[in-house]
């Protein structure tokens, strides 16, 4: 038996090949019994099988470890991450000359490889070595902007939030994929360095199925940062529910699949500059439902007017449908029933009586649309809930790293 020793780590992108019968090896020889030993058994007239795998260093973890045999077939391959003790799964090609890993690899990891090949005479060649995956400067892991739980309204906004700044947004965006059935035109829009949203040109069609997938793992996305674990989600869009609230008529109308099914008087945010907070108009523009609570304490301390201050209040409210991150709700308010339908006196919410508030609570759900007009308030911002629909389609497309 001839014993040969191979050092695999640090060979860069070269292929390491052991030719046992040639008397030469790639790498550095070490004493028998050392780590990385390669044992070869030869038979007269039958060349030994050779084993090769590459690259040995700086392997991108999205790529597989590949082990190949020449002059024979692979008998056994074992790949282990000694840092975790986990074995890496893989499979042989039909002709048993190639083994390819199928598990996800990790960044900055060392994998120990033991491969045995046999030649036509049955003599075995064993090779041992290490494969090192690349170590990025940082790993930017995405999280879903909207978790895929339940179904959603036609105003659904989906997207991703990363835990690192993305400096090569184009490279990152190329790794995102959104498909819908039926097909609808849509696009990405970057909201800062770490967040990106997707919406269609118009509201989603009722009954749509929308799938978001990333293939960012292993992708360089700027400054030595690579993409983290990929995410995917499938969203179901239910019937179309769109409310139209008008600050001049003081009415809110509800449309189900385009048909008017409800009209209710409302009192929106006041435009008068009254103390202690001054004017508190409802934001103008398209809102979407963010969540619902049957009962909630509305506390003015949430915007800085706390107990003991002039104008402080802490009031239990019912049938609350949240439409912005700034504290805007559709909800019951019995104190304003007398002016609902004639004046805007609230702190920004859309007040209704018990019957109407409960009707909206029962029928409107996450992603359903509330369009506010003539409120006297500023435009709802993209980071204040889902103000995405206020952005024109041409401006939205310009917010893509691939189209802008």
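Looking at residue 343, is it touching a residue at least 40 places away in the same chain (Cβ under 8 Å) and surrounded by fewer than 21 Cβ atoms within 10 Å (Cβ to Cβ)?
Judged against the criteria, residue 343 is a match.
Here's a check for you: in the range 289-302, which residue that is more than 28 Å from residue 152 (Cα to Cα) and free of Cβ contacts under 8 Å to residues at least 24 places away in the same chain is surrounded by the most Cβ atoms within 10 Å (Cβ to Cβ)?
Among them, the one singled out is 299.
It is to be established whether one or more residues within the range 153-161 are in contact with a helix residue (DSSP H, G or I) (Cβ under 6 Å, 6 or more places away or on another chain), part of a strand (DSSP E or B) and over 13 Å from residue 226 (Cβ atoms).
No, every residue in the range 153-161 fails to be in contact with a helix residue (DSSP H, G or I) (Cβ under 6 Å, 6 or more places away or on another chain), part of a strand (DSSP E or B) and over 13 Å from residue 226 (Cβ atoms).
Could you tell me whether any residue of the range 128-139 is out of contact with any helix residue (DSSP H, G or I) (no Cβ under 6 Å at 6 or more places or on another chain), without any contact (Cβ under 8 Å) to a residue 40 or more places away in the chain, in a loop (DSSP other than H, G, I, E, B) and closer than 19 Å to residue 228 by Cβ?
Yes, the conditions are met somewhere in the range 128-139.
Cβ-Cβ distance below 8 Å, separation of 6 or more or different chains: which pairs start in the range 192-207 with a residue that is assigned by TED's automatic domain parsing to the domain that holds residue 166 and more than 16 Å from residue 159 (Cα to Cα) and end on one that is at pLDDT 95 or above and part of a strand (DSSP E or B)?
So the pair list comes out as 205/237; 206/237; 207/237.
Considering each residue of the range 206-235, count those that are assigned to a strand (DSSP E or B), surrounded by fewer than 20 Cβ atoms within 10 Å (Cβ to Cβ) and more than 13 Å from the chain's Cα centre (by Cα), and give that number.
Number satisfying all stated conditions: 2.
What residue, among those in the range 236-279 that are under 35 Å from the mean Cα position of the chain (by Cα) and in a loop (DSSP other than H, G, I, E, B), is farthest from residue 339 (Cα to Cα)?
The selected residue is 238.
What do you reckon, is residue 321 modelled with pLDDT of 95 or more and surrounded by fewer than 18 Cβ atoms within 10 Å (Cβ to Cβ)?
Here the answer is no, as residue 321 does not meet what is asked.
Going by what's in this entry, would residue 305 be described as surrounded by 15 or more Cβ atoms within 10 Å (Cβ to Cβ), outside the structural domain of residue 350 (by TED's automatic domain parsing) and out of contact with any helix residue (DSSP H, G or I) (no Cβ under 8 Å at 6 or more places or on another chain)?
Against the criterion (surrounded by 15 or more Cβ atoms within 10 Å (Cβ to Cβ), outside the structural domain of residue 350 (by TED's automatic domain parsing) and out of contact with any helix residue (DSSP H, G or I) (no Cβ under 8 Å at 6 or more places or on another chain)), residue 305 does not qualify.
Has the range 67-84 got any residue that is surrounded by fewer than 17 Cβ atoms within 10 Å (Cβ to Cβ), within 29 Å of the chain's Cα centre (by Cα) and either assigned by TED's automatic domain parsing to the domain that holds residue 116 or under 13 Å from residue 113 (Cα atoms) (or both)?
Looking for residues that are surrounded by fewer than 17 Cβ atoms within 10 Å (Cβ to Cβ), within 29 Å of the chain's Cα centre (by Cα) and either assigned by TED's automatic domain parsing to the domain that holds residue 116 or under 13 Å from residue 113 (Cα atoms) (or both), one finds at least one in the range 67-84, hence yes.
Residue by residue, here is whether (1) more than 29 Å from residue 138 (Cβ to Cβ); (2) modelled with pLDDT under 95 holds:
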position	(1), (2)
40	yes, yes
44	yes, yes
52	yes, yes
57	no, yes
80	no, no
87	no, no
91	yes, no
116	yes, no
126	yes, yes
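How many residues, within the range 308-329, are in contact with a strand residue (DSSP E or B) (Cβ under 9 Å, 6 or more places away or on another chain), over 18 Å from residue 283 (Cβ atoms) and either outside the structural domain of residue 284 (by TED's automatic domain parsing) or not in a strand (DSSP E or B) (or both)?
2
When only residues in the range 347-392 that are more than 29 Å from the chain's Cα centre (by Cα) and in a strand (DSSP E or B) count, which is surrounded by the most Cβ atoms within 10 Å (Cβ to Cβ)?
So the residue we want is 350.
The values are calculated or read from the model by the stated rules, or taken from the named source; none is laboratory data. This is a predicted model, so every value here is computed, not measured. Every residue, glycine among them, receives a Cβ derived from its backbone with ideal geometry; neighbour counts consider all protein chains shown.
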